[in-house]
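The values are calculated or read from the model by the stated rules, or taken from the named source; none is laboratory data. Just so you know, these numbers come straight off a predicted model, no measurement behind them. As a convention, Cβ positions derive from the backbone with ideal geometry for all residues, glycine included, and neighbour counts pool all protein chains shown. With ligands, DNA and RNA removed, areas are computed over all heavy atoms of the protein, side chains included. Shrake-Rupley method; radii C 1.70, N 1.55, O 1.52, S 1.80 Å.
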Amino acid sequence: SYVDPSEAFPASWSGAGDVPTEAWDKWDEPFRVSYRDYVRIQREKESGVKAVSNALVRSGTYEKLDPAHVAASHLHMGTTCMVEHMAVTMQSRFCRFAPTPRWRNLGVFGMLDETRHTQLDLRFSHDLLKQDPRFDWSQKAFHTNEWGVLAVKNFFDDAMLNADCVKAALATSLTVEHGFTNVQFVALAADAMAAGDINWSNLLSSIQTDEARHAQQGFPTLSILMEHDPARAQKALDIAFWRSTRLFQTLTGPAMDYYTPLDQRKMSFKEFMLEWIVNHHERILEDYGLKKPWYWDQFMYSLEHGHHAMHLG
């Protein structure tokens, strides 16, 4: 009561905008996990991932993997490891500046999640350096001018390091984590398991269990924004969806259609996009009364050729 709210929660970071203060009281998410339960569950996950990793590093499984599949894991580590670390900064902003205490509380768990993901990626890559020095890409990539990495960095610099809480939640929690990471973490985990890379598959699956929880920051934020500032919600989602599309056409498309051995492919990248992304996003738009992005036809057409063009690059 003795602090001016506009100084404690400046609009440039909170993103509350014209939404009335009392409207944020409706912000809610389904997990409502306690810190004690969070630590217990995460400890079990960590023990499982480490046990599998330790066993497989000693087993010589990695040397038997298809070289193309290994290239996909290099690509993944180079483009996502540092993004996970950037997400720590974004979640810490939610902890401090989000316009409701419920969101700030969930941001604490999100920050711990993203710290864990960074460390998992680094440990996975470090363990394999002896077999393949290219795993140094997990740290080195973001310090190069490789064009695909620059595109990744550009998007997440905007969405994670510079955006206010509301814009970051719509771009990252709702669009990337609740939608596109299903392609990267669920589908790619299945491909990795089929390729015999149990260690990487296990890592991806464990990370996705965290994403499913802190991705929930997007829906209540969208719900409140649709009630008070729908034009802003539409614009933020349109921008985030297009940039995410191009990003995953660069990252996941080549991994699925070019680097996953042919006899181990379940679906093409286009089929995964139609099932996991298009249907999912259309349902969100319909449920919340949003329009399809103005570029929707162009997006659908890009599913035919976009990731092939990226692979040529």
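See the values below:
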| item | result |
| --- | --- |
| Residue match in the range 209-219 (condition: assigned to a helix (DSSP H, G or I), hydrophobic (A, V, I, L, M, F, W, C), in contact (Cβ under 8 Å) with a residue 60 or more places away in the chain and open to solvent by less than 30 Å² (accessible area, probe 1.4 Å)) | no |
| Some residue of the range 211-230 being among the aliphatic types (A, V, I, L, M) and within 15 Å of residue 180 (Cα to Cα) | yes |
| Sole exception among (1) in contact with a Phe, Trp or Tyr (Cβ under 9 Å, 6 or more places away or on another chain); (2) assigned to a loop (DSSP other than H, G, I, E, B) for residue 32, by number | (1) |
| Residues within the range 90-102 that are within 19 Å of residue 37 (Cβ to Cβ) and aromatic (Phe, Trp, Tyr), tallied | 0 |
| Cross-chain or 6+ apart pairs with Cβ under 9 Å, the range 122-143 first and within 13 Å of residue 82 (Cβ to Cβ), then assigned to a loop (DSSP other than H, G, I, E, B) | 136/129; 137/144 |
| Residue in the range 46-62 that is closer than 22 Å to residue 189 by Cα, open to solvent by 10 Å² or more (accessible area, probe 1.4 Å), in a loop (DSSP other than H, G, I, E, B) and in contact with an Asp or Glu (Cβ under 9 Å, 6 or more places away or on another chain) present | yes |
| Count of the range 92-102 residues which are modelled with pLDDT under 95 and open to solvent by less than 10 Å² (accessible area, probe 1.4 Å) | 1 |
